[in-house]
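Notes for the one structure printed next.
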């Protein structure tokens, strides 16, 4: 299995997708009325697709997953560039911190980070902070699920692609437990050829996750929650898709 997608719920997928494509320098994959996809490729490291899917109304719950962008010595110039693209300053009670908090065109918070040694080689996306009720437990879960390994970071536990390039997956202590509302951002993992979906599902449940069965019709993927309740999708292998 490997981590493939960062998925955004969006009222206007094209508006939001084009913002993030410009912000990160992505390569456009799909531009359709109900969906937009752009690809972020890290030389010598992972390939992540950012996917924007239409929802009828904006979410109201605080996000449990967000993006941290590389700022470093160019932090102020990066912020100015993002503001010109359609971002805005956002006050979430951060007070005096060395990073800058912005909102994208649909109000999703994200950060532009200061210079940190742990961000060497990340590319434009420095980190994916994910809320966790137990960072040690969830780091073990996500490491098994994605193949990413422990790496130096500023969160209690951070994972990174085995190349040690590309963004960190930071398991950060949650402020409040996961509610019933679906996360506005979530991750997708892709099965490899030969992976048994039922065996993987059993492994997820054994490690504290659970399968969700939303009434979304007949889908080629399965929906799960990690041990802290964060939704993610398990996508079929590319071979399974071509065999359908």
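Computed from the coordinates by the stated procedures, all read-outs in this text should not be read as laboratory data. Values in this document were obtained by computation on a predicted structure and should not be read as measured data.
Does region 144-191 come out rounded, prolate or oblate, given a ≥ b ≥ c as the square roots of the eigenvalues of its C-alpha gyration tensor, rounded meaning a/c under 1.5 and, failing that, prolate meaning a/b above b/c?
Oblate, since a/c reaches 1.5 and b/c is not below a/b.
Quick one: angle between helix 13-24 and the longest Cα principal axis of the chain, in degrees between 0 and 90, rounded to 10, please.
60
In percent, what relative contact order does the chain have, based on Cα pairs under 8 Å that are 6 or more apart in sequence?
20
What's the percent breakdown of Cα-Cα distances in region 136-239 across 5 Å bins, shortest bin first?
Pair shares across the bins are 2, 11, 21, 24, 21, 14, 6, 1, 0.
How tilted is helix 197-206 with respect to the longest principal axis of the chain? Cα atoms for both, answer in degrees (0 to 90, nearest 10).
The helix 197-206 is inclined about 70 degrees to the chain.
Pick from 168, 102, 219 the residue whose mean-square fluctuation is largest in a GNM of the chain, springs joining Cα atoms under 10 Å.
Maximum fluctuation in the GNM of the chain, among the listed residues, is at 219.
Kindly identify region 74-187 as rounded, prolate or oblate by the Cα gyration tensor criterion: order the square roots of the eigenvalues as a ≥ b ≥ c, call it rounded if a/c is under 1.5, otherwise compare a/b with b/c, prolate if a/b is larger, else oblate.
In terms of gyration-tensor shape, oblate.
Just 197, 98, 214 to compare: in a GNM of the chain, with alpha carbon springs under 10 Å, which one fluctuates most?
214
Among 190, 54, 213, determine the one that fluctuates most according to a GNM of the chain built with springs between C-alpha atoms less than 10 Å apart.
Answer for the Gaussian network model of the chain: 213.
Kindly express, to the nearest 10 degrees and within the range 0 to 90, the angle between helix 75-85's C-alpha long axis and the longest C-alpha principal axis of the chain.
For 75-85 against the chain, the angle is about 70 degrees.
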